[in-house]
Amino acid sequence: MAEKKFTSLDALSNLLDPEKLKELQNSSTESNSTDEMLISEQDIRVWIEKNHRGGKIVTILKGFTCSDEALKDLGKKLKNHCGTGGTEKNGEIILQGHHADKVVAYLKSKGFKAKRAGGN
């Protein structure tokens, strides 16, 4: 017996099926509510450092309890917001330059509990 080949029409009909559509909406709503809970529970520390970096100033964010993909996504948004480069590794985000106040304001607007740490 020949196997059935799936076409884009089959995929479209699955998406248009009301029961499947409700399942997709329910699953996305559940993941959004858990993401919001995790965001409000995280206590993010933001500080400035220039030690061991050739005299260059960087903004460091620590305290994330999320997946690596979510960390990379947030890092990308922060880099775009600040207009700078940076990296996401070892559970922290490092941005090039002095952007602590801008980052704290952005994180608070997104629902994180963020505060400045350190002396500068």
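Search the range 40-72 for residues being open to solvent by less than 50 Å² (accessible area, probe 1.4 Å) and closer than 15 Å to Lys108 by Cα, and hand back the single one that is modelled with the lowest pLDDT.
Among residues in the range 40-72 that are open to solvent by less than 50 Å² (accessible area, probe 1.4 Å) and closer than 15 Å to Lys108 by Cα, the one modelled with the lowest pLDDT is Gln42.
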Expected output for the range 81-106 (first residue touching a residue at least 40 places away in the same chain (Cβ under 8 Å), partner in a loop (DSSP other than H, G, I, E, B), Cβ below 6 Å, 6+ apart or cross-chain) is Gln96/Thr84; Gln96/Gly85; Gly97/Thr84; His98/Ile57
Considering residues that are of a type in the set (Lys, Arg), loosely packed, with under 15 Cβ neighbours inside 10 Å and outside any strand (DSSP E or B), the number found within the range 73-120 is 4
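The values are calculated or read from the model by the stated rules, or taken from the named source; none is laboratory data. Source: prediction; values computed, not measured. Heads up, the Cβs are rebuilt from the backbone with ideal geometry, glycines too, and the neighbour counts pull from every protein chain shown. Just the protein is used for accessible areas: all its heavy atoms, side chains included, with ligands, DNA and RNA removed. Shrake-Rupley method; radii C 1.70, N 1.55, O 1.52, S 1.80 Å.
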